[in-house]
Structure formats: C-alpha cells, structure tokens
Ligand code: AMP
C-alpha cells in the first residue's frame with residue numbers, strides 16, 4: 001500500500017499515519033521527521049534546512065525529493081509506505097510521479113484530512129503541552145507565530161495538490177474534524193473499499209474488485225455512513241460527497257445527517 005496523507009499542520013496526519021503503520025506493517029515516511037533528524041545530526045542537509053524550518057518556510061524541493069527518493073529504496077519500504085508531509089508543492093508531486101514511475105511503483109491513494117483552520121492552533125498548543133508533560137523536547141516551529149507561517153505556506157503551496165491529485169482521480173477527502181477514532185474508522189472504510197483494508201473481508205473485496213470500482217464504492221459508502229467526506233474527482237464520488245453544487249437530494253439529506261453527528265469540539 002502506498003499512500004499520501006495530505007493536510008495542514010495539526011490535521012492529525014502523524015497520528016493517523018502511526019495507526020496505519022501498526023495495522024498494515026508499512027512505514028511512515030515523514031519528511032519533517034527526517035529533516036529534524038538531519039538538523040539534530042548536523043548533516044549538510046540539516047544545516048541547509050535548520051533556519052528555513054525554524055522560520056516555518058519550505059526546504060528546497062530538490063532536497064526533500066532526494067531524501068524521499070533514497071528512503072523509498074530501503075528494504076523496509078518494500079511492503080508499502082505512507083508519505084506524511086511530502087509532497088508539499090506541485091513540483092514535488094511531479095517529481096514523485098516521475099520517481100515512482102522509474103521505480104515501477106504505483107501510488108494507491110491520496111487522503112486529504114480536511115480541517116477547519118481555526119482549530120489548528122488549539123491542536124498544536126495541545127500537542128506542545130502533551131510533549132512537555134512527557135518530558136519531550138518541543139519542536140521549535142510549534143509556536144503561534146511560526147504556525148501561522150506554516151499555514152500560509154500550506155495554503156499557497158500545498159493546497160494546490162488537492163486539485164493535482166483530484167485530476168489524477170486519486171484524491172479522497174476525509175473530515176479531519178472528527179475524533180481521532182472516527183477519522184481512523186473513516187480511513188479504515190476508505191481503505192477497505194479500495195481493497196487495501198486490514199480485515200479479511202477487505203482482503204476478499206480486494207481480490208474481487210478493481211481499486212477503481214472499489215474507490216467509487218468507498219466514496220458512496222463513506223458518504224452514507226456520514227463519517228468521512230470522500231471527494232474523488234469522479235462523477236460518482238462528486239454525487240456521493242456533499243458538494244454544495246448540484247448535489248442530488250439523496251446525497252444532500254445524507255450530508256445533512258452527517259453534520260448533525262457528534263464532532264470533535
Ligand atoms: P512537518 O513535520 O511535516 O510539519 O515539517 C516540519 C518542517 O519541515 C516544515 O515546516 C518544513 O520547513 C520542513 N518540511 C517538511 N517536509 C517538507 C517538504 N516536503 N518540503 C519542504 N519542506 C518540508
């Protein structure tokens with residue numbers, strides 16, 4: 001399984017990636033983590049990245065593409081990986097397409113965790129407090145000032161990837177405002193219907209159906225259950241999701257129900 005988790009800082013990508021790693025025995029490849037290790041080790045990449053990261057900017061594309069290209073060659077990534085924090089720009093996404101093509105690897109899906117920006121600061125503050133209480137070192141870029149820069153760079157440079165992957169019909173949008181457990185369940189359902197779930201039923205589905213068909217089903221089913229908001233760029237998915245434009249009556253009423261379900265904060 002090869003997945004990308006897309007979402008602004010504080011959307012819960014890291015948390016969900018770790019849970020997927022445990023369930024599916026694949027690796028989480030977080031460029032942020034790799035860069036922090038490089039900074040701590042004082043490597044040439046780390047020296048290049050240090051100030052950029054501390055200021056909430058983006059490290060040059062060629063640097064992160066190089067890191068990822070080397071990393072996915074390692075044996076532990078053979079079974080699959082979740083990219084967390086990469087790609088972050090359209091040129092990075094193009095470079096990833098190229099390098100996966102060269103390595104004869106296929107990207108299965110891109111999951112966008114969509115969140116309301118107003119909760120992100122609160123979430124990051126909570127993360128900082130929890131890290132402090134565990135006696136862990138707090139990230140130097142987890143401050144309100146730097147966070148607002150990181151959010152601005154997400155909006156300007158990373159959000160266009162939503163369209164990029166939507167055009168490739170790879171995008172699935174999940175409501176990241178739900179509780180961690182509900183986001184996890186939504187992800188499980190999406191993966192089940194893509195034929196990549198961890199349950200025996202999901203594996204059976206994967207033998208029977210193609211990923212394309214299953215992804216349409218996933219979109220419909222997730223919309224039905226009203227816990228995720230898949231938004232693949234297919235007609236079926238657009239119908240199933242609660243898009244504001246021309247949503248069919250049925251989908252609209254299901255979406256309405258979704259809104260009334262208990263959400264986090
Ligand atoms: P993260 O842990 O994903 O929030 O990343 C922390 C910081 O590392 C970001 O604010 C960037 O400065 C840098 N970084 C991580 N991933 C990338 C990437 N794909 N492209 C450019 N910079 C990155």
Q | Residue list for the stretch 139-162, restricted to those being touching a strand residue (DSSP E or B) at 6+ places or on another chain (Cβ under 7 Å) and more than 13 Å from the ligand (Cβ to nearest atom) | A | 162
**Q.** Failed condition for residue 12, given (1) within 11 Å of the ligand (Cβ to nearest atom); (2) touching a strand residue (DSSP E or B) at 6+ places or on another chain (Cβ under 8 Å); (3) closer than 22 Å to residue 151 by Cα
**A.** (1)
Q. So which residues in the stretch 58-92 are at pLDDT 95 or above and under 21 Å from residue 187 (Cβ atoms), if there are any at all?
A. 81, 82, 83, 84, 85, 86, 87, 88
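Residues checked against (1) more than 15 Å from residue 70 (Cβ to Cβ); (2) at pLDDT below 95:
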site	(1), (2)
3	yes, no
10	yes, yes
13	yes, yes
22	yes, yes
31	no, no
38	no, no
48	yes, yes
Q. Which residues, counting only those in the stretch 139-183, are assigned to a loop (DSSP other than H, G, I, E, B) and more than 17 Å from the chain's Cα centre (by Cα)?
A. 139, 140, 141, 142, 143
Q: Sort out which residues of the stretch 1-20 are closer than 18 Å to residue 106 by Cβ and assigned to a helix (DSSP H, G or I), and write them in order of number.
A: 20
Q.
Can you tell me how many residues within the stretch 110-125 are over 27 Å from residue 144 (Cα atoms) and modelled with pLDDT under 95?
A. 0
Q: Counting only residues that are in contact (Cβ under 8 Å) with a residue 60 or more places away in the chain, more than 11 Å from the ligand (Cβ to nearest atom) and touching a helix residue (DSSP H, G or I) at 6+ places or on another chain (Cβ under 8 Å), give me the helices (runs of 4 or more DSSP H) lying completely in the stretch 21-138 with at least 2 of them.
A: 117-133
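The values are calculated or read from the model by the stated rules, or taken from the named source; none is laboratory data. Predicted model only: the values in this text are computed from it and were never measured. Note that each Cβ is placed from the backbone with ideal geometry, even for glycine, and that neighbours are counted across all protein chains shown.
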